[in-house]
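Nothing in this text is a laboratory measurement; each read-out follows from the coordinates by a stated rule. All figures in this text were calculated on a predicted structure; none of them were measured in a lab. Using ideal geometry, Cβ is built from the backbone for each residue, glycine included, and neighbour counts are taken over all protein chains shown.
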Amino acid sequence: MNQMVKIFYKDILEQVMIIEGYKKEKSKQILLRRDPKKSLGLISGFLHLDLEKHKLLEQAAVVALNNQENSVIEQLEKLYSHCERQDLIDNIRSEIKHIEKFQHSIKKAIRYPSFLTFSERRMIQEINKYVVEQARLYNKI
């Protein structure tokens, strides 16, 4: 059984690496785009890829925990060691919730830009800064 969990985890990691490649390409587009309104679609795409990555890792964590595969659990805990919570699943789901909130704000900004409150516009600016910084990090590698 543990071998099957490791194979499943390896398959998840391969999918994550593919997503990371797409994120790198998306990050290049984000850095080349100068118009903030047009870059919202690229930022939304980048966040979507990040969300998919975390969802895949959540699946791997659930399978590893259910099958008590400690080596996989330890690797995933290292990936999420920056989180404040102690529980691996809570850490991953917290990341997912943050990204979903970011996406919701970006989608609202794309569809209804004139209906944004001051706080929402400010949040969009911060999300933009965050994603641009992530894009810079992707292009350093």
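Quick notes on this one:
- Considered as a group, the residues in the stretch 29-54 that are among the basic types (K, R) and exposed (fewer than 14 other Cβ atoms within 10 Å of the Cβ) include one that is nearest to S114 (Cα to Cα), and that residue is K37.
- Here the stretch 50-91 is the region considered, the condition is being closer than 25 Å to I124 by Cβ and among the hydrophobic types (A, V, I, L, M, F, W, C), and the residue that is nearest to the chain's Cα centre (by Cα) is L51.
- From S114, S94, residue being small (G, A, S) and farther than 17 Å from L40 by Cβ: S94
- Checking I110, I124 one by one, the residue that is part of a helix (DSSP H, G or I) and surrounded by 17 or more Cβ atoms within 10 Å (Cβ to Cβ) is I124 and no other.
- Residue satisfying all of: in the stretch 1-38; basic (K, R) and either part of a helix (DSSP H, G or I) or within 17 Å of the chain's Cα centre (by Cα) (or both); nearest to Y138 (Cα to Cα) among these: K24
- A search for C-beta distances below 6 Å between a residue of the stretch 1-15 that is without any contact (Cβ under 8 Å) to a residue 60 or more places away in the chain and any residue that is in a helix (DSSP H, G or I) and surrounded by 12 or more Cβ atoms within 10 Å (Cβ to Cβ), counting only pairs 6+ apart in sequence or on different chains, returns F8/V63; I12/L56; I12/A60; Q15/L56.
- Reported count of residues in the stretch 1-53, each being of a type in the set (S, T, Y) and out of contact with any helix residue (DSSP H, G or I) (no Cβ under 8 Å at 6 or more places or on another chain), is 0.
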